[in-house]
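Below is one structure; the comments refer to it alone.
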Amino acid sequence: MREIERDFYALLTLPVSLIMNSNMPKILPDRKVSQVREILRINQLDGVAITDEESRLVGIVTMYDLLKAIEENKRDVPVEEIMTEDVITLSPHNTLADAIEYFRVYGYGRFPVVDENKVFLGMVTPLDIVIRLPSLKEEKEEIKEEEKSRVVRLEFSIEGGDFINGGEASSKIKRYLQNLGLPNHIIRRVAVASYEMEMNMVIHAYRGKLLIEISSDKIVIKAIDEGPGIEDVEKAKQPGYSTASPKVRELGFGAGMGLPNIISCSDEFDIKSAVGVGTEVTSIIYIR
Amino acid sequence: MKLKDLEELLSAKVLYGESLLDKDVDYFYASDLMSDILATVKEPGVLITAMVQPQVMRTIQMLDLIGVIFVNGKCPPEDTLRLARSIEIPVLVTRCSMFETCGKIYMSLVK
């Protein structure tokens with residue numbers, strides 16, 4: 001059971017670019033409704049992306065939209081007049097877990113995958129996931145190798161004061177690193193540093209971001225927050241120094257060991273803070 | 001010592017993880033300060049604490065600890081138990097104080 005679960009989690013971290021259907025017909029916005037319906041029928045598709053000459057996504061249209069238009073005698077109008085323009089998209093770096101979350105949250109039947117220039121790369125439907133999931137298991141090992149040579153970036157939003165979910169980002173980061181097969185002592189240091197950074201934002205900041213960059217030789221963790229900032233950074237680095245409220249101390253935090261812990265886990269450490277603006281903490285841990 | 005032995009030693013109630021109690025324990029950590037725990041734990045072991053909020057399970061997860069004993073008869077809230085189940089960490093509750101809990105475990109280890 002645990003083995004299966006672990007496999008499943010590993011699959012969830014794969015990029016959607018492996019799951020999407022990239023073999024989609026190209027449809028320009030000036031195509032007639034009746035033509036597009038014919039293209040969908042021949043290709044056995046329920047929905048399709050509408051793209052401009054440079055392959056940039058301008059909208060999507062579903063078989064339902066097309067049939068409705070035909071019923072309203074709009075057979076010969078250009079498809080751009082009936083397409084949905086305000087489309088929620090995925091980036092190729094989004095994971096399978098993100099895609100599943102999108103289906104759950106938005107309730108749409110498909111999400112186009114586009115790059116940073118809005119160029120359409122493919123479409124993801126729940127059916128694509130079901131069909132491609134079993135074959136992905138075999139591909140997984142190869143992808144792991146590829147991942148070693150490129151930089152992976154993960155980003156998490158942190159809400160100040162959210163003690164219930166505080167730690168969830170670090171927990172996801174830890175699971176991700178375990179799936180990459182990194183050595184345990186490295187994972188431990190990253191987990192402790194990122195957890196302290198995350199909890200610092202939960203305790204002190206209004207909101208913030210936890211960023212993690214994984215490359216073949218190092219892991220960079222950054223916590224960037226909007227918050228009150230730190231008046232005396234040198235003092236804050238000393239073990240035992242804390243400005244946390246009694247409420248936070250009651251939860252077992254605010255013992256003044258946060259920054260010292262991050263520093264002792266890091267190979268390189270940096271902190272910048274501006275009072276009334278926020279704080280940026282960087283921890284670099286080398287993989288060796 | 002096995003996790004299972006703690007159940008009897010401390011007259012503890014197992015709130016989760018009955019099937020996970022066959023593991024050996026070589027290290028114990030007793031603290032209510034999360035950052036102190038994060039700073040001191042080096043080997044997988046069991047955490048003894050009076051803190052019952054969900055962050056305890058997060059801390060345990062970051063450090064790969066293998067179990068938790070809540071002292072003073074404190075029952076953790078559902079959020080904490082839910083996390084314990086999701087990361088498969090056995091949860092024991094004892095009426096003993098932190099001092100008694102540590103004392104009993106220490107005595108049984110040096111015997």
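The values are calculated or read from the model by the stated rules, or taken from the named source; none is laboratory data. Because the structure is a prediction, the values reported are computed rather than measured. Using ideal geometry, Cβ is built from the backbone for each residue, glycine included, and neighbour counts are taken over all protein chains shown. The accessibility values were calculated without ligands, DNA or RNA, using every heavy atom of the protein model including side chains. Shrake-Rupley method; radii C 1.70, N 1.55, O 1.52, S 1.80 Å.
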- Task: Take B:LYS104 and decide whether it is surrounded by fewer than 23 Cβ atoms within 10 Å (Cβ to Cβ) and at pLDDT 95 or above.
- Result: yes
- Message: Could you go through the stretch B:11-20 and let me know if any residue there is at pLDDT 95 or above, on the phi > 0 side of the Ramachandran plot and away from chain A (no Cβ under 14 Å).
- Response: yes
- Message: Here is a check on your reading of the model: is A:VAL202 part of a helix (DSSP H, G or I), assigned by TED's automatic domain parsing to the domain that holds A:LEU251, open to solvent by less than 50 Å² (accessible area, probe 1.4 Å) and farther than 15 Å from A:GLU213 by Cα?
- Response: yes
- Any idea which of (1) of a type outside the set (Ser, Thr, Tyr); (2) open to solvent by 30 Å² or more (accessible area, probe 1.4 Å); (3) over 21 Å from A:ARG188 (Cα atoms) is the one B:ASP32 doesn't satisfy? (3)
- Query: What number of residues in the stretch B:40-65 are more than 16 Å from A:ARG175 (Cα to Cα) and either in a loop (DSSP other than H, G, I, E, B) or charged (D, E, K, R) (or both)?
  - Reply: 10
- Residues located in the stretch B:16-29, provided they are of a type outside the set (Ser, Thr, Tyr), surrounded by fewer than 18 Cβ atoms within 10 Å (Cβ to Cβ) and either free of Cβ contacts under 8 Å to residues at least 12 places away in the same chain or not in a loop (DSSP other than H, G, I, E, B) (or both): B:GLU18, B:LEU20, B:ASP24
- Message: Take B:GLU8 and tell me if it is open to solvent by 10 Å² or more (accessible area, probe 1.4 Å), assigned to a helix (DSSP H, G or I) and out of contact with any helix residue (DSSP H, G or I) (no Cβ under 8 Å at 6 or more places or on another chain).
- Response: yes
- Scan the stretch B:86-111 for residues that are more than 14 Å from chain A (Cβ to nearest Cβ), part of a loop (DSSP other than H, G, I, E, B) and under 27 Å from A:ILE173 (Cα atoms) and report the count. 1
- Query: What is the residue count in the stretch B:85-101 for residues that are open to solvent by less than 40 Å² (accessible area, probe 1.4 Å) and either of a type in the set (Phe, Trp, Tyr) or more than 11 Å from the chain's Cα centre (by Cα) (or both)?
  - Reply: 3
- Message: Every residue in the stretch A:151-172 that is open to solvent by 50 Å² or more (accessible area, probe 1.4 Å) and assigned to a strand (DSSP E or B), please.
- Response: A:ARG153, A:GLU155, A:SER157, A:GLU159
- Message: Consider the stretch B:66-85. How many of its residues are within 11 Å of chain A (Cβ to nearest Cβ) and either assigned to a loop (DSSP other than H, G, I, E, B) or under 24 Å from A:PRO183 (Cβ atoms) (or both)?
- Response: 1
- Could you tell me whether the stretch A:236-259 includes any residue that is under 25 Å from the mean Cα position of the chain (by Cα) and either away from chain B (no Cβ under 14 Å) or at pLDDT 95 or above (or both)? no
- Query: In the set B:GLY45, B:GLY73, which member is in contact with a strand residue (DSSP E or B) (Cβ under 7 Å, 6 or more places away or on another chain) and open to solvent by less than 10 Å² (accessible area, probe 1.4 Å)?
  - Reply: B:GLY45
